[in-house]
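In what follows, a single structure is set out as structure tokens and then discussed.
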Amino acid sequence: MTWRRLRIALLLMILLIVGLSTWLDRVYTTDWTTPLGVALHPISADDSPISRAYVAALATADFADIEKFFGDEARHHGVTLDEPVRLWLAAPPESRPPLIEPGASVLEAMAYALRLRWHAWRTLSGQPGPTPHVRMYLLYHDPAVTPLVPHSLGLARGLIGVVHLFAAREMHGSNQVVLAHEILHTLGATDKYRLADGQPLHPDGFAEPGRQPLYPQSHAEVMGGRIPLSDDEAMIPASLDAVVVGHLTAREIRWLP
């Protein structure tokens, strides 16, 4: 009985430490007194010559639109930091990150999150360059090989994301929208669309929830993901120029009290 109680006490201590570490990470990364550092690790997801060439040609400057988007939206919500988010292209990992199985249960998703964090620690620790707050794996797919990419994800517990993107210059703008969405997930922002069909939820998933008439909207709320055109129709924004950070999302990432 004593050994059983000791095991339970040790488990509770580990859970407490992990929970406290997660809370401190959240507070530290969203105090917005210094720029949030985001390292981007590009990967050719399908070994296509197209995706390999696309990844090889990437540069940090290709992600400047995301920095500008976060800067503009942060100022709109009263954040005074000149550069709230700083992104840079980092080295690819030694191996590809694990992928979550479609339809995974809650327990399977929790186990996957632990595997992903372990993979990141094992393959990305000690890389040259500044130490980031957030790490994002960018898996680029050749549209001719993978016309429909898997679902991307960003983990607030661990500050890490796996983002599936298209290796096509004409998709660059929509890729940036997806990446901005997943970065915000790592900071605690929640999805604001219907899981069944991706339709943005009113009011929090709308850029202009009080607009009259309500439809069509001209912009997407970043965590709503799409521009609502009617009750059952929405379109993916072509670039971050057509995206805003709504009030609830701003509160979730502590841009607003």
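Can you name the residue in region 73-96 that is touching a strand residue (DSSP E or B) at 6+ places or on another chain (Cβ under 9 Å) and either basic (Lys, Arg) or farther than 30 Å from Asp241 by Cβ (or both) and is also surrounded by the fewest Cβ atoms within 10 Å (Cβ to Cβ) among such residues? Among those that are touching a strand residue (DSSP E or B) at 6+ places or on another chain (Cβ under 9 Å) and either basic (Lys, Arg) or farther than 30 Å from Asp241 by Cβ (or both), it is Ala91.
Evaluate region 62-77: report whether one residue or more is at pLDDT 95 or above, touching a helix residue (DSSP H, G or I) at 6+ places or on another chain (Cβ under 7 Å) and part of a loop (DSSP other than H, G, I, E, B). Yes - at least one qualifying residue is present in region 62-77. Pick from region 180-205 the residues that are touching an Asp or Glu at 6+ places or on another chain (Cβ under 6 Å) and under 13 Å from Val245 (Cα atoms): which of them is surrounded by the fewest Cβ atoms within 10 Å (Cβ to Cβ)? The selected residue is Lys192. Answer yes if at least one residue in region 159-170 is free of Cβ contacts under 8 Å to residues at least 12 places away in the same chain and over 24 Å from Leu40 (Cα atoms), and no otherwise. No, region 159-170 contains no residue that is free of Cβ contacts under 8 Å to residues at least 12 places away in the same chain and over 24 Å from Leu40 (Cα atoms).
Residue count for region 166-222, restricted to those that are touching a helix residue (DSSP H, G or I) at 6+ places or on another chain (Cβ under 7 Å) and of a type in the set (Val, Ile, Thr): 3.
When region 167-197 is filtered for residues that are under 23 Å from Pro228 (Cα atoms) and not in a helix (DSSP H, G or I), the ones remaining, listed by number, are Ala189, Thr190, Asp191, Lys192, Tyr193, Arg194, Leu195, Ala196, Asp197.
Assigned by TED's automatic domain parsing to the domain that holds Met235 and either more than 20 Å from the chain's Cα centre (by Cα) or not β-branched (Val, Ile, Thr) (or both): is that true of Pro130 in this structure? Against the criterion (assigned by TED's automatic domain parsing to the domain that holds Met235 and either more than 20 Å from the chain's Cα centre (by Cα) or not β-branched (Val, Ile, Thr) (or both)), Pro130 does not qualify.
With respect to being under 11 Å from the mean Cα position of the chain (by Cα) and farther than 30 Å from Arg52 by Cα, Gly188 fits the description. Can you pull out the residues in region 202-216 that are closer than 21 Å to Glu252 by Cβ and assigned to a loop (DSSP other than H, G, I, E, B)? Scanning region 202-216 gives His202, Pro203, Asp204, Gly205, Ala207, Glu208, Pro209, Gly210.
The values are calculated or read from the model by the stated rules, or taken from the named source; none is laboratory data. Just so it is clear, the model here is predicted, and its values are computed rather than measured. Cβ coordinates were reconstructed from backbone atoms using ideal geometry, including for glycine residues, and neighbour counts include every protein chain displayed.
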